[in-house]
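Engineer: Here it is: the structure, laid out below.
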Amino acid sequence: MEPLIELRGVNKHYGSLHVLRDINLTVGRGEVVVVIGPSGSGKSTLCRTVNRLETVESGTITLAGRPLPAEGRELARLRTEVGMVFQSFNLFAHKTVLANVMLAPLKVRRKNKDEAERRARELLERVGLADQAAKYPAQLSGGQQQRVAIARALAMDPQALLFDEPTSALDPEMISEVLEVMQQLARDGMTMVVVTHEMGFARSAANRVVFMADGQIVEDRTPEDFFTAPQSDRAKDFLSKIL
Ligand code: ADP
Ligand code: MG
């Protein structure tokens with residue numbers, strides 16, 4: 001499998017806290033990697049690092065074989081190739097659903113309006129919200145808003161999507177509609193890194209489960225191996241608490 005995202009020897013501190021410790025991780029094109037681990041283990045920092053929303057002190061991050069530069073125009077361009085979906089949907093409240101999805105392609109990609117709208121409607125259809133295009137975010141449920149956020153991320157035609165606990169802020173009855181959209185993306189071959197506590201999703205959609213604790217990758221295995229026979233005490237302890 002062709003490596004799409006590669007981290008080699010990545011380290012990061014916040015002050016004296018060593019939050020990423022010698023991280024080595026390869027995500028192949030079309031692969032779905034689920035990242036799990038206790039709160040504070042560095043999962044969000046890892047996601048932000050892949051997009052260079054965080055600087056790192058050592059190590060290299062490459063996207064499709066190209067090193068991510070530390071700053072500048074080239075970084076801005078590469079960053080658009082990895083979309084992010086957060087726990088909080090961060091939609092623009094004063095813009096319609098359609099306008100939210102069209103915004104980045106218009107501003108960043110300088111697509112023309114007709115093309116951006118056609119693509120936005122197509123993506124809203126894909127996340128099951130074609131009929132909500134004219135509404136404002138506050139008129140939608142949390143699950144619908146998160147699906148808009150996914151459509152918005154897809155509108156940049158990213159090579160990969162990172163999800164940081166995309167269902168953690170949702171009421172239980174809305175979780176499955178978001179996970180179903182993510183399952184479909186996975187089946188369609190999207191490269192995805194997903195931080196989640198949804199173990200059902202990890203079992204059914206992940207090619208690999210990465211278990212983090214204290215800033216380190218402790219296990220990196222197939223879901224079947226991980227869930228049936230975790231190797232480390234940290235993973236065993238974590239699973240005993242959540243399963
Ligand atoms: P997770 O997503 O696994 O819960 P995070 O990556 O958010 O973990 O955080 C890892 C550690 O880094 C935690 O101890 C957290 O308190 C700390 N941390 C996260 N962001 C910052 C920041 N901006 N400044 C200082 N410490 C931070
Ligand atoms: Mg987090």
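Engineer: Can you give me the long-range amide H partners of residue 191? Hydrogens built in the peptide plane at 1.01 Å from N, cutoff under 5 Å, separation of 5 or more residues or another chain.
Structural biologist: For residue 191, whose amide H was placed from the backbone, the distant partners under 5 Å are 30, 161.
Engineer: Need one word for the range 95-201: rounded, prolate or oblate. Basis is the Cα gyration tensor (sqrt eigenvalues a ≥ b ≥ c); a/c below 1.5 gives rounded, then a/b vs b/c decides.
Structural biologist: Verdict is oblate for the range 95-201.
Engineer: Also, quick follow-up: Quick one: helix 113-126 against the long Cα principal axis of the chain, what's the angle to the nearest 10°, folded into 0 to 90?
Structural biologist: Between helix and principal axis, roughly 60 degrees.
Engineer: If you don't mind, another one. Could you work out the mean projected area of the convex hull around the alpha carbons of the range 34-144, in square nanometres to one decimal?
Structural biologist: Orientation-averaged projected area of the Cα hull: 9.1 nm².
Engineer: Obtain the radius of gyration and the Kirkwood radius of the chain from its C-alpha atoms and give Rg over Rh.
Structural biologist: Ratio of gyration radius to Kirkwood radius: 0.97.
Engineer: Could you grab the relative contact order for the chain? Cα pairs under 8 Å, six or more apart, rounded to a whole percent.
Structural biologist: 26
Engineer: Suppose the chain between residue 21 and residue 242 were pulled fully straight at 0.36 nm per residue; how much longer would it get relative to their current alpha carbon spacing?
Structural biologist: So the extension gain works out to 77.1 nm.
Engineer: So what is the 222 nm mean residue ellipticity for the chain from helices alone, if each DSSP H run of at least 4 adds -39500 (n - 2.57) and you divide by all residues, rounding to the nearest 500 deg cm²/dmol?
Structural biologist: Theoretical 222 nm ellipticity from helices: -11500 deg cm²/dmol.
Engineer: Debye calculation, C-alpha points only, no solvent: report log10 I(q)/I(0) for the range 2-68 at q = 0.11, 0.13, 0.18, 0.25 Å⁻¹, in the same order as the q values.
Structural biologist: -0.24, -0.34, -0.65, -1.19
Engineer: Full extension from residue 73 to residue 1: what is 0.36 nm times the residue separation minus their Cα-Cα distance, to one decimal in nm?
Structural biologist: Gain on extension, residue 73 to residue 1, equals 23.0 nm.
Engineer: Here is a follow-up. Quick check: from the Cα gyration tensor, does the range 158-243 come out rounded (a/c under 1.5), prolate or oblate?
Structural biologist: Note, shape of the range 158-243 comes out prolate.
Engineer: While we're on this one: Which distance in nm do the two modelled labels at residue 90 and residue 176 give, with both placed 7 Å along the Cα-to-Cβ direction?
Structural biologist: So the label points at residue 90 and residue 176 sit 3.0 nm apart.
Engineer: A further question follows. Within the range 1-126, how many lysine pairs that are 8 or more places apart, or on different chains, have C-alpha atoms less than 20 Å apart?
Structural biologist: 4
Engineer: Determine, for each peptide in 147-159, 59-71, 94-106, 16-28, the mean count of other beta carbons within 10 angstrom over its residues, then list the peptides with the highest first.
Structural biologist: Descending mean neighbour count gives 147-159, 94-106, 16-28, 59-71.
Engineer: Cα-Cα pairs above 11 Å in the range 36-80: how many percent?
Structural biologist: I get 69 percent for the Cα pairs in the range 36-80 exceeding 11 Å.
Engineer: If I stretch the segment between residue 8 and residue 183 completely, what's the gain in nm (0.36 nm per residue apart, minus their alpha carbon distance), one decimal?
Structural biologist: Gain on extension, residue 8 to residue 183, equals 60.2 nm.
Engineer: Among 50, 193, 108, determine the one that fluctuates most according to a GNM of the chain built with springs between C-alpha atoms less than 10 Å apart.
Structural biologist: Among 50, 193, 108, the largest GNM mean-square fluctuation belongs to 108.
Engineer: Right, here's the next one. Where both residues lie in the chain, what percent of DSSP beta bridges are antiparallel, nearest 5?
Structural biologist: Within the chain, antiparallel bridges account for around 55 percent of the total.
Engineer: Using r as the Cβ-Cβ distance of residue 157 and residue 233, and R0 as 41 Å, what FRET efficiency do you calculate, to the nearest 0.05?
Structural biologist: Calculated value: 0.45.
None of the figures in this text is laboratory data; all of them are computed from the coordinates on show. These numbers come from a predicted model, not from an experiment. Glycine gets a Cβ as well: all are built from the backbone with ideal geometry, and neighbour counts include every protein chain shown.
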